[in-house]
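Input: one structure, supplied below.
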Amino acid sequence: MPSELLKRIKETEWSVPKHVAIIMDGNGRWANERGLPRREGHRAGMRSVRDVVEGAIEAGIEVVTLYAFSQENWQRPRPEVAFLMSLLKSYAKSEVQDLVDNGVEVHVVGDIDRFEAAERKAIDTILDMTRGGERLQLVLAISYGSRGEIVRAARRLAERSASGDLEAAAIDEPTFAAELYTAPWPDPDLMIRTSGEYRISNFLLWQLAYAELYTTPVLWPDFTREHLFEAILDYQRRERRFGKVT
């Protein structure tokens with residue numbers, strides 16, 4: 001049975017966001033509050049991923065981008081990084097059939113060259129098995145940093161210009177955006193950050209230029225589809241002008 005919040009989303013005259021980006025923050029604090037190892041917070045956070053993906057499909061969202069592992073996260077203690085990599089492999093194995101059944105097509109953006117063979121194989125498996133899903137595009141930002149992404153795009157444009165393939169004067173915003181990892185999808189309409197922090201932490205710096213920002217004190221392992229619906233309702237109440245006058 002649809003929740004009351006979902007009914008309100010469907011009944012409003014305003015559309016749902018096509019693309020929602022989420023900074024999944026608070027796993028460590030969730031574990032600390034319960035006297036558990038940090039890894040248990042990361043494990044609990046995986047359950048929230050499933051619930052939010054299913055909720056996004058129910059709400060009619062087309063693209064969800066999850067900030068799963070940043071470039072800076074490589075600097076965490078090696079045991080924690082190793083556990084996160086094991087979770088990646090576990091997610092690819094345990095969730096892939098549900099993703100296929102729900103019509104979810106998975107994509108990965110970031111510097112995946114840093115992964116070892118086992119992680120690369122897990123990523124390739126989930127990409128291959130979910131290819132063709134038409135209900136939701138799930139973009140996992142893994143080993144991702146927006147500054148690095150922007151530098152990569154600038155380097156690629158410089159190489160094209162140096163080779164004579166592209167005139168420098170022809171470089172405009174659409175040309176630049178086409179070199180970003182996220183080129184296949186529209187920019188996020190809504191960015192959600194959990195755990196009450198007010199930072200975007202090197203996440204989609206270019207793409208979030210006109211996104212609506214929503215923060216919640218809820219820690220990621222406690223974040224459910226109902227919290228997602230609350231964020232969508234808040235989005236629907238906002239007036240988006242993009243610098244113009246209504």
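Taking the range 32-71 as the search range and keeping residues that are among the charged types (D, E, K, R) and under 16 Å from the mean Cα position of the chain (by Cα), which one is nearest to residue 219 (Cα to Cα)?
Filtering first and then ranking leaves 47.
Quick grid of which residues meet (1) of a type outside the set (Phe, Trp, Tyr); (2) farther than 26 Å from residue 146 by Cα; (3) part of a loop (DSSP other than H, G, I, E, B):
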site: 5; (1), (2), (3): yes, yes, no
site: 25; (1), (2), (3): yes, no, yes
site: 41; (1), (2), (3): yes, no, no
site: 72; (1), (2), (3): yes, no, no
site: 83; (1), (2), (3): no, no, no
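Identify, by number, the condition in (1) in a helix (DSSP H, G or I); (2) touching a residue at least 24 places away in the same chain (Cβ under 8 Å) that residue 169 doesn't meet.
Answer for residue 169: the failing condition is (2).
Do we find that residue 143 is out of contact with any Cys (no Cβ under 7 Å at 6 or more places or on another chain), without any contact (Cβ under 8 Å) to a residue 12 or more places away in the chain and of a type in the set (S, T, N, Q) in this structure?
no
Any idea which residue in the range 130-180 is surrounded by the most Cβ atoms within 10 Å (Cβ to Cβ), counting only those that are within 26 Å of the chain's Cα centre (by Cα) and over 21 Å from residue 207 (Cβ atoms)?
Only one residue tops the list, namely 130.
Same structure, new question: Within the range 86-99, track down each residue that is at pLDDT 90 or above and in contact with a helix residue (DSSP H, G or I) (Cβ under 6 Å, 6 or more places away or on another chain).
Scanning the range 86-99 gives 96, 99.
Could I ask something else about it? Name every residue in the range 30-47 that is in contact with a Leu (Cβ under 6 Å, 6 or more places away or on another chain) and surrounded by fewer than 17 Cβ atoms within 10 Å (Cβ to Cβ), in order of residue number.
Within the range 30-47, none qualify.
Ok, one more. Whether any residue in the range 144-156 is at pLDDT 95 or above, within 20 Å of residue 187 (Cα to Cα) and not in a helix (DSSP H, G or I) is what I want to check.
Looking through the range 144-156, at least one residue is at pLDDT 95 or above, within 20 Å of residue 187 (Cα to Cα) and not in a helix (DSSP H, G or I).
Which one of 206, 185 is at pLDDT 95 or above, part of a loop (DSSP other than H, G, I, E, B) and farther than 23 Å from residue 72 by Cα?
185
While we're on this one: Give me the residue from the range 200-221 that is surrounded by fewer than 17 Cβ atoms within 10 Å (Cβ to Cβ) and out of contact with any Asp or Glu (no Cβ under 9 Å at 6 or more places or on another chain) and, out of that set, nearest to residue 137 (Cα to Cα).
213
The values are calculated or read from the model by the stated rules, or taken from the named source; none is laboratory data. In this text, all values refer to a predicted model and were calculated from it rather than measured experimentally. Every residue, glycine among them, receives a Cβ derived from its backbone with ideal geometry; neighbour counts consider all protein chains shown.
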